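> Dropping a structure here in structure tokens format, bear with me for questions.
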């Protein structure tokens, strides 16, 4: 090809066809420039393709990290659910000597509780520190991740520290004031499950009025602050996990992203005859129904709608009701139970026990 152009150039020069030669030279330059531009464009396309492959890999790693963090929230949420009945019995004065004697959760309710969410962030940090170029969809996912790990996770960390500080302060109080503190044992030891506590220890937990104050404060910080922040973080993490799965052309894990068709038993009308607002005639009712491929919880004061929120199934007998405030996401966990005496399905809020001596607030499902 080069020899071909040389022969043309040589012939034009020999025939003294200057203007034709000039046109030819300009054409040759244009061809060279076009060739360079094409080569540059091909190189750019290759680099963009490699960059997008790197970005997809980064998002894939973030997705795996989200799955791990969601599993950590599940562990904390399940722990709160597991302790709900224990806190209820203690705060209502229903805990017995036998409970403290046979169930170590009672005597270690504050001192050895472990509900921290130790989330990982390394994949997310690697993503935001990369020098890759992001398209609009990737930018949107990145902004959502910033909110998750910035606002929501920061709130969880603050509540982690608050709860840990309360537990440390209470342990220090027992250590300073009670000679039997060392008899509480080590919860990391396999023998702590069968540990038998002395009468003095059980008597303290059963009868000390100031201990009930500690339990009530722990409930406020744990269930009303810490758990709500965890539920909010989990809700946003699941949403982002689902969007990343769609971006990667993957099917979301059905265990993480629930199909609401499997939770039709949640839907129905619920009433609570104990909840009144202005007078005895006023009633607060709840309705769970499907709307736009999601489940919604509507709260009514008589016939007036006073609150509405989307709910997400957490298990076959519980769901997360969540809301956003100033960019942060919080949630509460409601659980369905069956009243053995009435055979009615009742809906309770985990961690909400009501005033000390009154019955626990609950909604009853209407047939």
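Each reported figure results from applying straightforward, stated rules to the coordinates on display, with no laboratory input. All values reported here derive from a predicted model rather than from experimental measurement. Here the Cβ positions follow ideal geometry from the backbone for every residue, glycine too, while neighbour counts run over all protein chains shown.
> Roughly how many nanometres apart are two label points built 7 Å out from the Cα toward the Cβ at residue 265 and residue 207?
Placing both labels 7 Å beyond Cα along the Cβ direction yields 4.5 nm.
> How far apart, in nm, are two points set 7 Å out from the Cα along the Cα-to-Cβ line at residue 54 and at residue 34?
3.3
> In whole angstrom, how far apart do the alpha carbon centroids of segment 300-367 and segment 213-234 sit?
For segment 300-367 versus segment 213-234, the Cα centre distance is 16 Å.
> For the peptides 51-61, 77-87, what is the packing order when you average, over each peptide's residues, the other Cβ atoms within 10 Å and list the highest mean first?
Packing proxy ranking, top to bottom: 77-87, 51-61.
> Taking all pairs of different Cα atoms in segment 136-257, averaging 1/r and flipping that mean, what Kirkwood radius in angstroms comes out?
Numbers: mean 1/r = 0.0555 Å⁻¹.
About 18.0 Å for segment 136-257.
> Want the number for residue 282 to residue 161: 0.36 nm per residue separation, take away the alpha-carbon distance, what's left?
39.5 nm
> Could you sort the peptides 228-240, 151-163 by per-residue average Cβ neighbour count (10 Å cutoff), highest mean leading?
228-240, 151-163
> Would you mind calculating the relative contact order of segment 258-367 from Cα pairs under 8 angstrom and at least 6 residues apart, reporting the percent as a whole number? Kindly include the intermediate steps, with their values, before the conclusion.
On the way: 203 pairs, mean separation 21.8, N = 110.
Rounded, it is 20 percent for segment 258-367.
> Need the full-extension length gain, residue 315 to residue 78, defined as separation in residues times 0.36 nm minus the C-alpha distance. One decimal, nm.
On the way: separation 237, 0.36 × 237 = 85.32 nm, distance 1.03 nm.
Result: 84.3 nm gained on full extension.
> Separate question: May I ask for the percentage of alpha-carbon pairs in segment 258-367 that lie more than 17 Å from each other?
In whole percent, the long-distance tail amounts to 58.
> Continuing with this model, one more query. Test of understanding: what is the full-extension gain from residue 103 to residue 343, defined as 0.36 nm times their sequence separation minus their Cα-Cα distance?
Fully extending the segment from residue 103 to residue 343 adds 83.6 nm.
> Quick one: if you stick a label point 7 Å off each Cα along the C-beta vector at residue 325 and residue 111, how many nm between them?
Spacing of the two 7 Å Cα→Cβ label points: 3.5 nm.
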